[in-house]
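Written out below as structure tokens is the structure these notes cover.
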């Protein structure tokens, strides 16, 4: 069973993305094999939240409670740009890498873990 905070976050994502009930339940079934978020275990909840974030959900940040979500992402994006510049590669190269490595259509859909994979690949290329 997941915490009330995680359940609230999933329902907030559903509302933020404008998902109707049928689409929401279909997504839960395809991602975690359940039809209600109350049935999720910790792994299923993590998978559902990652999917919702790839779809565009951005958690609401409360002032003074946590560092902004974008700060880590901004640093990763700057690192990717720097590695491309050091290698003399055009920024368009990253689009192909995103499709090949992260299996998404655009870098905007990459989460922090995916961006880390891109950075690792660029660093390997630089070495």
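Since every read-out is calculated from the coordinates, none of them should be taken as a lab result. Small disclaimer: the values here were computed from a predicted structure and weren't measured. Quick reminder, even Gly has a Cβ in these numbers, built from the backbone with ideal geometry, and neighbours come from all protein chains shown.
Do the sum for the chain: with -39,500 (n - 2.57) for every DSSP H run of n ≥ 4, divided by all residues, what is the mean residue ellipticity at 222 nm, to the nearest 500 deg cm²/dmol?
Details: 6 runs with 77 residues, N = 127.
Computed ellipticity for the chain at 222 nm equals -19000 deg cm²/dmol.
Using 1/(1 + (r/R0)^6) with R0 = 30 angstrom and r between the beta carbons of residue 125 and residue 47, what's the FRET efficiency to the nearest 0.05?
Working: r = 30 Å, r/R0 = 1.00.
Efficiency, rounded to the nearest 0.05: 0.50.
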Rounded to two decimals, the Rg over Rh value of segment 4-54 from Cα coordinates and the Kirkwood Rh reads 0.90
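Which order results if 55, 102, 110 are arranged by neighbouring Cβ count within 10 Å, fewest first? Present the calculation step by step, with values, prior to reporting the outcome.
On the way: 55 13, 102 20, 110 23.
Ascending number of Cβ neighbours within 10 Å: 55, 102, 110.
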If R0 = 22 Å, then residue 8 and residue 74, at their Cβ-Cβ distance, give a FRET efficiency to the nearest 0.05 of 0.25
D (µm²/s, integer) via Stokes-Einstein for the chain, Kirkwood Rh across alpha-carbon pairs, 25 °C, 0.890 mPa s: value 151
Taking 0.36 nm per residue of separation between residue 21 and residue 54 and subtracting their Cα-Cα distance, the length gained on full extension comes to 10.0 nm
Expressed in angstrom, Rg and Dmax over the Cα atoms of segment 69-126 are 10.4, 30
Restricting to Cα pairs under 8 Å and 6 or more apart, the percent relative contact order of the chain works out to 21
